[in-house]
Each structure stands twice: as C-alpha cells, then as structure tokens.
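The values are calculated or read from the model by the stated rules, or taken from the named source; none is laboratory data. Not measured: the values here are computed from a predicted model. Ideal geometry is used to build each Cβ from the backbone, glycine not excepted, and the neighbour counts take in all protein chains shown. These area figures cover heavy atoms from the full protein model, side chains too; ligands, DNA and RNA do not enter into them. Shrake-Rupley method; radii C 1.70, N 1.55, O 1.52, S 1.80 Å.
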Amino acid sequence: MNLVNYEISDRVAVLTVDNPPVNALSPGVPKGIVEGVAQANKDDDVVAIVLIGAGRGFIAGADIRFFSKPWPEAEESLSDVLKSFEDSPKPVVAAIHGHALGGGLELALSCHYRVIVSMAKVGQPEVKLGFPPGAGGTQRLPRLAGVEAALDMIVSGDPVMAERARDLGIVDQVIKTDLLEGAVAFAAEKGLSGIAHPLVRNLEVKLDDPDIFDRKRDQIKHRARGMRAPYACIECVEAAVAMSFEEGIVREREIFKNCVGTTESRAMRHVFFAERAAAKISGVDRDTPRRPLASAGVVGAGTMGVGITMNFANAGIPVTVVEQHTEALDHGIATIAKNYAATVSKGRLSQAEMDRRMGLITPSTRLEALEQADIIVEAVYEEMPAKKEVFARLDSIAKQGAILTSNTSYLNINEIADSIAGRKGTVLGTHFFSPANVMRLLEVVRTDTVDDDVLMSVLDLGRKMGKLPIVSGVCHGFIGNRMLEGYLGEATIMVEEGATPQQIDRVMYDFGMAMGPLAVADLAGLDIGWAKRKAAGGGQAAEKPGAFIANRLCELGRYGQKTGRGYYIYESGNRAPMPDPEIENLSRQAAEHFGVKQRTISDQEILERCMYPLVNIGTVILEEGFALRASDIDLVYLNGYGFPVWRGGPLHWAGTIGLDSVAEAVRRYSQQTGSDHWKPSALLEELAREGKTFEDWDGGKT
Ligand code: 3H9
C-alpha cells in the first residue's frame, strides 16, 4: 500500500498521506512526500503542490513508537521533508482537517501556505511526551504567531482551533467548502500568480516583552514541578528570539535530543500508550453494540452523589437525583449550583451553559422517579446493608435492562449483584473519586456476571463524562484503595518508629506526589479508618501497628482537616498543615506500646517504605487478575492519587529503579516487619529474576 498517493487535479499535484489511523510520520511517509514533491517539480504542467491527509485528519506528528527504537537508516527523515518544501520552486500548500499536531504542524509550517477547515485543530503537543518540538516548531511558530501565543501553545501542548489559528497568523485561510477543492483552487492561484512564495524562516521574531520567559517559568513552577520538558520548551523559544533561524534550529535539535532520552520522556510516552491500551478489554469485542444511555438516575445527594449528578449533566444526559429528605436534596442541588457558578465566575463556563446543565437535573425524593432511567448510580453511604436495600428497591422499580451501578470504594459488588439475581448481568461498580465532578479517574468494577455490552456502555459513558475509565476486578478496595492501604499503613508505622509526619510528607512531596500521605489522611478524615477498625472488631486488631496514633487522635476528636486537627494543626480557613508537637508524645507512647526502639529514619528508607508496598500490592493485583495490565495500575495512581505523571506510575517507576532491587527490598522489609503488604508478590519475584519490567509483561508496546 502507498503511504503517500500522487494525483493531479487542475494542474495541482495532490500528495495524500494515507497512513491510518492518524497519518503519523512512520517510515515510508517522509520518503513518499519527498518523492512526490520531486515528481511535481519535474512536471512542467504542474503549477503547485497540495499536501493533505486521508481519513480523520491531516498528520498527527512523528510516529511515537520510533522514539524507543531506531529509525531505519536508509529512510528519509522529517528534515528531508521540510527541506524539500522550502527548496520547492512551486508553492506547497498544507490542507488541514482533523488535526495537524507535532511534526504534522511543523511540516505545515515549512510549507509556503496553509489552509484549514473550521473544525480542525493545530498544536505542538510534544511537551506531553516529555520533549519540545524537534523539527523547527519552536523556531517557526513564534515567527508566525508571535512569541506569547507560540510560548503558550508549545509549553502547554494544547492545540488551538482553526479560527484562532487564522487570527494568530498560523494559517492563511479557513475553507468553508470542500477542503480539497478549496486547497487546489488556492494553490493553483498562487502557482499561477508569479509572486515569490513566502517562507516562515525568513520572518522576523518580534519580542515586545523581554520578561515573558521568566514570567512563564514562574507561571508553570507548580504544575511543572519536577519536570524538564516545559522548561526545555521555553529555552527553545528563547533561542528563536536570541539567535538566527539556523542557529535556533541547531539549538532546538540539541535540546530535543537531550529530552527524548530522559526517564521523564520515557514515562510520558508510556502514559500515552497506556491511556490508549486502557480502552481495550481483552476478550470483549471493541465493536460490541452499546446500550443507549439517554437518561440517568443518581441515588443520594451527598458529596459523591452531587459530583456524579454533575458528570451526567456535563455529558448532556438528563439526570434525576433522588434523596429521601427534602432538606438534604435542596442542599445537594444548591451545592451543584454553587459549583457551576464558581466555574462561571472563573470564565470557564458560560451562564447559558450553566443554565442548560442545571436544566438537565431533576431533583426528587422518590425512588420511583427513576423507573424510566437507562442507568442508575447508587451513591449512598458505604455500608453493605444500606446498599443492598437500595438495590432491592431498584430491582422492583427500574425498567428491565436498566444498568445499575454502585459507587462503592471497597465493598464486594458481586455480593450486591447476587442479591438481585434476576439483574446480575446489568450490575457493576462505578468508583468515582472525590470531588467526583473534577477527578479524572473512574474505576469501573467488573462483576463476575456483568454482560459485555453493559461493561462497554459504561466505559463509553465514563469517557463521555471526560473521565479515564479503568477496569478493575472485584477485590477489597479494587485497584487504587487496595494499594493505598499499604502506602498509608507504612507511613503511619514510620511515625510510630520515630519519623515525623513532616519528614514523611516532605520526602513524598519531593518525590513528586501532590500531597504527602499523612496530609492525605488528614484530608480524607481519620474517623473513616477508625470506624472501619471498630466495625472489624476493635480491641487488639484496632491497636495493630499503624493504627495506634490514629486511634488516639480520633479518641481526642481529632479527625483531620474537618476538625482543624489530625496529624497536623489547621488554622481556621487555612488548609496549610502546621506541625503538632503532641504527635511526638503519641509517637513515643506507640513505640512503648509495641516495644519498638525509636530511631532516625533516613529519607531513602521513607521513600522505599511508602512506594514499594504500592509496587508489591500492585503486582499482587496483577497476578491475581484484578487489573488487566500493569499500565492500568499506573493510570489509576496517576489520575486518582496524585502520582507524578513524569514518573509514569508506580509500576513503570519501579522498572526504572530495577525490579531486582525493588524485590530485594520487599523481601528485606517483609522479614523486618511481617506486615501483609510486604508479603512478596510471586510475579514481582519472577520478573526480577528474569530481568524483565512490567512493560514486558504488558507485551512490550512502549
Ligand atoms: C512529534 O511529532 C515530534 C516532532 O516534533 C519532531 C520529531 C523529529 N504515533 O488517540 P487515538 C495511535 S511527537 C504513533 O485513540 P483519537 C494510538 O496509539 C508526536 N501512534 O485516536 C492509537 O493506536 P491503537 C506529536 C499514534 O482519534 C491510534 O493511533 N503528536 C500517534 O482519539 C488512535 O489514537 C502527538 O503527540 C503517533 N503520533 O485521537 C499526537 N498518534 O489504536 C498524538 C496516535 O493501537 N496523538 N497514535 O491504540 C493524538 O493526540 C491523538 O491520537 C489524535 C487522535 C488527536 C491524533
């Protein structure tokens, strides 16, 4: 199959890149383009050249798989293509639909002209893969769009729509009719005009504000904490201002090459492919017909119910939210209105759109109001009897075929499905993360009996809500919370052994976590774990290592942020954690209680003892089959637990440390403490022995 087709239309050579699914610049594409340009220039009848993409879009950039393997030696490169355009005596016009991204946009920028359809987008998303653009994007874009707009686009990686691209000067014309026809007419006119055709490289870069680069660095310092690529992007654009075009290109190439090899870039490329893999469910046909989900119900208007209701409204699905008591229902609706109003006031939502979304929400105090809903999400409190009671009532109310999901974070959903045996095929879990309208992660918990079409429909729904749905099997805490128990548990044990909450949280924050584990415990509320320990029998079990200090704090009414005191002190109206000297006393009492000699714990030990349980339990989850692939586990931690994206998730990160040294440490801590979360995973041992990583286990795609 030809990756680039050559045709003549009205004296214009049309080069069509046809490399499904996204016309990436894989081997064969650059060669095809270079040959097409040469052929067009040899043909005296041809007056101009149009470059266009077949299928869904123009060109999605370099083929990302080739950053991890060598480019074929004999093959033309992207710079050969750019040179062939710039050297072409006949004008080259890029005709853009769908998307021109990364190398795709860079290619278009080296054409003489660019035309676009109004629904298309252009962008330089390379920073999201851990490197700056490497084929002139950082040098040409500022020359066309100005330094400020180019800097915004390149550092954020976010694309802009066609009209905005035209206003910025990135494209010459928005074509409202057929793209190919319009592009051919445009190209023919330029070709016959006899004018000299412009090259972006010859434009001047204008800099009005010399502080712009420092301001940008300051602006991104929180978001880009620990990362190299966003700063590398700024350096490249600075070079466009400070150097000649030729020097700038050399500088960009140098910085690009340095970044492609970093662990940051490898991690971010891993995340790119992980997100695409997560949509594939082994054993389930991608084309399984979906159930129409045109109306929804949510049971419970508490914190989670409110967020889930907003997700439906955001996705444009009419939703009825049910809460038994009018006062609680009113409070829930008022919270939704307040949340939307806050987004409107920040300019991120129009008042009209807020009104439209509020109009999709119907409050009710009667469960019977859900009888016509296609999907119903139960979001009542986390107790099995309460959940089963709701499902029993829904069994008699919901229409046949309605999908029933439970927003549980720990409970056995198989048991819930079994409790309404006639509907087993349509029951599953949807574990949203708080705040449910904000957090991107959605664990879709696959019961043993759920029908494939129901599962696929709920995964689609999650994506429609803007979530990243990850399939988990039914085990206690599913993927994320099951792993979290080891992470938080080990952090609290270390406080009993003599580390301060501040030291532990600092080590994990410096590692890149959004918050340290003890600040997270305070935010989530210490009373939740306390209630669970009491329900599980209290007494001895409740006093096991890791629970002692939390129990004392709860007995003192110190539940964390909500009471102004937990592992830290919080001043009213301020969420900043302040050290609490009393924790030291409690920690000494705990050490005495367990007969532990307190000691100074090194930062390295803290890092290992927080992170390695995540790796060990994650691997157990994988070997037990509750996660479909290691990269799904990474995505859960990246999108629900504040794990730094540039480390690629706990299992990918473990591979960068070396699974043999992780396994050795797990064995060592297991002998020292005997805690469940240190019981070495057989799969971890196996991969370590064989010198493999989790990517090998997933099939080595990245
Ligand atoms: C670059 O250009 C560097 C240059 O500056 C300089 C170089 C010297 N390569 O996302 P989808 C696959 S870096 C290889 O589900 P959508 C993807 O894995 C590049 N494969 O579709 C998936 O495969 P599978 C800068 C790619 O419609 C399939 O295509 N460009 C590439 O939801 C469908 O993908 C980018 O970062 C690629 N470049 O979204 C753009 N792109 O079916 C990256 C996609 O086996 N791409 N695949 O799972 C995207 O953002 C989206 O794919 C796009 C379409 C918006 C284009």
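Nearest 0.05, what FRET efficiency do Asp330 and Ser350 give at R0 = 30 Å with Cβ-Cβ as r? Calculated value: 0.75. Expressed per residue, the C-alpha convex hull volume of segment 544-702 stands at 147 Å³.
Given the -39500 (n - 2.57) contribution per DSSP H run of 4+ residues, what per-residue ellipticity at 222 nm results for the chain, rounded to the nearest 500 deg cm²/dmol?
On the way: 30 runs with 340 residues, N = 702.
The helix-only estimate for the chain comes to -15000 deg cm²/dmol at 222 nm.
Within segment 506-580, the trypsin sites (Lys or Arg not before Pro) that combine a DSSP coil assignment with at most 11 other C-beta atoms in a 10 angstrom radius are Arg575.
Two-decimal Rg/Rh of the chain from alpha-carbon positions, Kirkwood Rh?
Values: Rg = 28.5 Å, Rh = 28.2 Å.
Taking Rh as the inverse mean 1/r over Cα pairs, Rg/Rh reads 1.01.
Mind ranking Glu690, Glu126 by accessible surface for me, highest first, 1.4 Å probe?
Glu690, Glu126
The peptide list 110-123, 356-369, 277-290, 36-49, put in order of mean Cβ contacts within 10 Å with the highest first, becomes 110-123, 36-49, 356-369, 277-290. Residues whose amide H lies under 5 Å from that of Leu441, counting only those 5 or more places away or on a different chain, are Leu468; hydrogens are built 1.01 Å from N in the peptide plane.
Axis of helix 384-397 versus longest Cα principal axis of the chain: the two differ by about 60°, to the nearest ten degrees. Global size of segment 4-260: 17.5, 57 Å for Rg and Dmax (C-alpha atoms, Rg to one decimal, Dmax whole).
Stokes-Einstein diffusion for segment 606-696 at 25 °C, viscosity 0.890 mPa s, with a Kirkwood radius from C-alpha pairs, works out to 190 µm²/s. Our note on the geometry: Cα centres of segment 630-687 and segment 199-258, 36 Å apart. For segment 484-548, the alpha carbon positions stretch 37, 23, 15 Å along the principal axes, listed from largest to smallest.
If the convex hull of the alpha-carbon atoms of segment 270-398 is projected onto planes in all directions, what is the mean projected area in square nanometres?
On the way: hull surface 42.9 nm².
Orientation-averaged projected area of the Cα hull: 10.7 nm².
Toward the positive end of the charge dipole of segment 242-329, with +1 on the Cβ of Lys and Arg and -1 on the Cβ of Asp and Glu, the farthest Cα among Ile317, Phe272, Met304 is that of Phe272. Between 0 and 90 degrees, the angle of helix 263-277 with respect to the longest Cα principal axis of the chain falls at about 80 degrees.
The DSSP beta bridges internal to segment 296-472 are antiparallel in roughly 15% of cases. Put simply, when 491-498, 133-140, 71-78 are sorted by average Cβ atoms within 10 angstrom per residue, most first, you get 133-140, 491-498, 71-78.
May I ask you to compute the full-extension gain from Met243 to Asn574, defined as 0.36 nm times their residue separation minus their alpha-carbon distance, rounded to one decimal in nm?
Details: separation 331, 0.36 × 331 = 119.16 nm, distance 4.68 nm.
Using 0.36 nm per residue and subtracting the Cα-Cα distance, I get 114.5 nm.
The alpha carbons of segment 40-186 stretch over 44, 39, 29 Å along the principal axes, in descending order.
Helix 630-640 and the long axis of the chain differ in direction by around 80°, with both axes built from C-alpha atoms. DSSP bridge analysis restricted to the chain gives an antiparallel fraction near 25%, rounded to the nearest 5.
Take every DSSP beta bridge whose two residues both sit in segment 4-260, then give the antiparallel share in percent to the nearest 5.
On the way: 8 of 30 bridges.
Antiparallel bridges make up about 25 percent of those DSSP assigns within segment 4-260.
Sequence-ordered 3J(HN,Hα) estimates for segment 679-696 from the Karplus curve with 6.51, -1.76 and 1.60 and θ = phi - 60° stand at 4, x, 6, 4, 5, 4, 4, 5, 4, 4, 4, 8, x, 9, 10, 5, 5, 4 Hz, glycine and proline given as x. For segment 296-472, the solvent-accessible area works out to 40 Å² per residue, with a probe of 1.4 Å and every protein chain left in place. Projecting the Cα positions of Ser350, Tyr231, Gln589 onto the charge dipole of the chain (unit charges on Cβ atoms of Lys, Arg, Asp and Glu, taken about the Cα centre) puts Gln589 furthest along the positive direction.
The equivalent ellipsoid of segment 480-594 has semi-axes of 20, 16, 15 Å, largest first, where each one is the square root of 5 times an eigenvalue of the Cα gyration tensor.
Dipole check for the chain: with +1 at the C-beta of Lys and Arg, -1 at the C-beta of Asp and Glu, and the Cα centre as origin, the magnitude is about 820 Debye.
Using C-alpha pairs under 8 Å with a sequence gap of at least 6, the mean separation divided by the residue count of segment 480-594 gives a relative contact order of 27 percent.
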